[in-house]
1. Arrange the residues Leu155, Leu222, Leu271 by how much accessible surface each exposes, largest first, with a 1.4 angstrom probe.
2. Could you report segment 156-210's accessible area per residue, 1.4 Å probe, as an integer in Å²?
3. Where does each of Thr267, Thr296 land when they are ordered by accessible area, with a 1.4 Å probe and the largest first?
4. Per residue, how many Å² of accessible area does segment 96-144 show with a 1.4 Å probe?
5. Please report the carbon-and-sulfur percent of the accessible area for segment 82-138; probe 1.4 Å, protein heavy atoms only, DNA, RNA and ligands left out.
6. Post the alpha-carbon centroid distance, segment 226-255 to segment 94-136, in whole angstrom.
7. Note down the relative contact order for segment 135-206 as a percent, whole number, built from C-alpha pairs under 8 angstrom at least six residues apart.
8. Using a 1.4 Å probe over the heavy atoms of the protein chains, calculate the carbon and sulfur portion of the accessible area of segment 143-231 as a whole percent.
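The values are calculated or read from the model by the stated rules, or taken from the named source; none is laboratory data. Computed from a prediction, not measured in an experiment: that's the story for all the values here. With ligands, DNA and RNA removed, areas are computed over all heavy atoms of the protein, side chains included. Shrake-Rupley method; radii C 1.70, N 1.55, O 1.52, S 1.80 Å.
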Amino acid sequence: MRTAGAALSALSLVGVAALAGCSSGDSGDGVSRNAPASSPSVSPSPSASAASGWNPSPGSVAAVGDSITRGFDACSVLADCPEVSWATGSDSLVRSLAVRLLGASKAADRSWNHAVSGARMVQLPEQMALAAKERPELVTVMMGANDACRDSVRLMTPVADFRASFEASMRQLRAGAPEAQVYVSSVPDLKRLWSTGRLNETGKKIWELGICRSMLADADDLGPAAVARRDAVQDRVVAYNEVLRDVCAKDRHCRYDGGAVFGFRFTGAQLSQWDWFHPSRDGQARLAEIAYRNITAAEPPA
């Protein structure tokens, strides 16, 4: 979602007030550092591994994806904030997946964040190759929003290309880490992002600077052309999620979230006040909750 970067540099034009930055013990390299210990709210099922072959208590976590997993715009404008990443962050209020699974001290040494802001699915194989070098027991994947969030519907990634890149990514991982478990998050509901953010006047002014134009351009336009454009983006996101589900189902060590992220009914509290587009710190915490619940469940989501 780096396409938001150039637009957000003009935030002073709309008078957006500066928000307080996040505080944490992260080193800035995306790896969890020195977060206060925090006990998981739900204990993993000890029988899940024996029953399904899925280990609900992996000993290490590597994350791949885009700006969501990098915590972009969650702490300050136009900046990654990996310490609040839902997957590997160290922030005590977010309580990332790595912290929930491993505990803060172990997560500091046994979690890695290879996500890249602005990345699309075609770039995932490279990230998977880096993740495989860590020999992780679990790899988290959240990718696809940038493939739909383009300047126009015409520029969205074709579904066939999206599938080919995800399949190549899984092959790349398996070449280096054949036994690593993979947790795949669904692409968020971009149409809900539009319907939620358009209620905020500041958010709409920020969107006018060029953020995710395929969905968010002319936010108040309810004419037939605008409605058809948003529906086309929504249909593409649904198709991407079907690809993620289908490809994951072919790998015995892969678990898809069952559409949990796509179906999450987020509000403005879960959106960055810098851009009304990326998750806020609270939004990152909700993503961590969803992932932890699905990874530690005895059975995969329906």
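1. Per-residue accessible area, sorted high to low, gives Leu222, Leu155, Leu271.
2. 39 Å²
3. Thr267, Thr296
4. Details: 1730 Å² over 49 residues.
Per residue, segment 96-144 has 35 Å² of solvent-accessible surface.
5. Details: 920 of 1990 Å².
Carbon with sulfur: 46 percent of the solvent-accessible area.
6. Result: 22 Å between the Cα centres.
7. 49 percent
8. 53 percent
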